[in-house]
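Note sheet for the following structure.
The values are calculated or read from the model by the stated rules, or taken from the named source; none is laboratory data. Just so it is clear, the structure is predicted and the values come from calculations on it, not from any experiment. Counting neighbours? That spans all protein chains shown, and the Cβs are built from the backbone with ideal geometry, glycine included. Surface areas here come from the heavy atoms of the whole protein model, side chains and all, with no ligands, DNA or RNA. Shrake-Rupley method; radii C 1.70, N 1.55, O 1.52, S 1.80 Å.
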Amino acid sequence: MALYCATSAARDMYHTVLANDCSHHSVAHGSEIRILSYAPGSCDTDMQTRLRTKEPQLDSNVRAYCQSLEDNGKLVDCADTAKELVKRVLKSDGIGFSSGERIEYTDASTY
């Protein structure tokens with residue numbers, strides 16, 4: 001879990017810094033580059049199934065957490081989260097997200 005969490009935090013920071021760098025480029029060159037850090041949610045994938053059932057070396061707390069996602073209906077359909085991402089990126093008014101923003105699929109219903 002530590003590696004996953006560290007990687008996720010690094011991704012978010014990378015996108016924040018990249019958005020800042022790109023904003024300076026946009027001002028200097030008159031073009032807009034927007035950066036989005038999109039967290040798709042806990043997707044219902046083969047990996048999730050393996051984590052719950054076929055990884056004997058996995059920490060029991062991680063296995064229990066993964067199982068609780070399934071038991072509580074918290075796993076996200078991959079197609080649904082992909083549609084949300086495309087909707088944000090292609091939003092016709094251009095305000096599907098602010099550059100540097102982090103959006104989690106679980107927050108999508110608030111938009």
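Of the residues that make up the stretch 68-79, is at least one loosely packed, with under 11 Cβ neighbours inside 10 Å and either touching a strand residue (DSSP E or B) at 6+ places or on another chain (Cβ under 8 Å) or hydroxyl-bearing (Ser, Thr, Tyr) (or both)? No, that holds for no residue. Scanning the stretch 45-63 for residues that are open to solvent by less than 60 Å² (accessible area, probe 1.4 Å) and modelled with pLDDT of 90 or more turns up Thr45, Gln48, Thr49. Test Arg63 against the criterion of being part of a helix (DSSP H, G or I), in contact with a Cys (Cβ under 6 Å, 6 or more places away or on another chain) and touching a residue at least 12 places away in the same chain (Cβ under 8 Å), and give yes or no. Taking the combined requirement at face value, the residue does not satisfy it. Scanning the stretch 90-111 for residues that are open to solvent by 60 Å² or more (accessible area, probe 1.4 Å), at pLDDT below 65 and not polar (S, T, N, Q) yields Asp107, Tyr111. For the stretch 66-79, the set of residues classified as in a helix (DSSP H, G or I) and in contact (Cβ under 8 Å) with a residue 12 or more places away in the chain consists of Cys66, Gln67, Leu69, Glu70, Cys78, listed by residue number.
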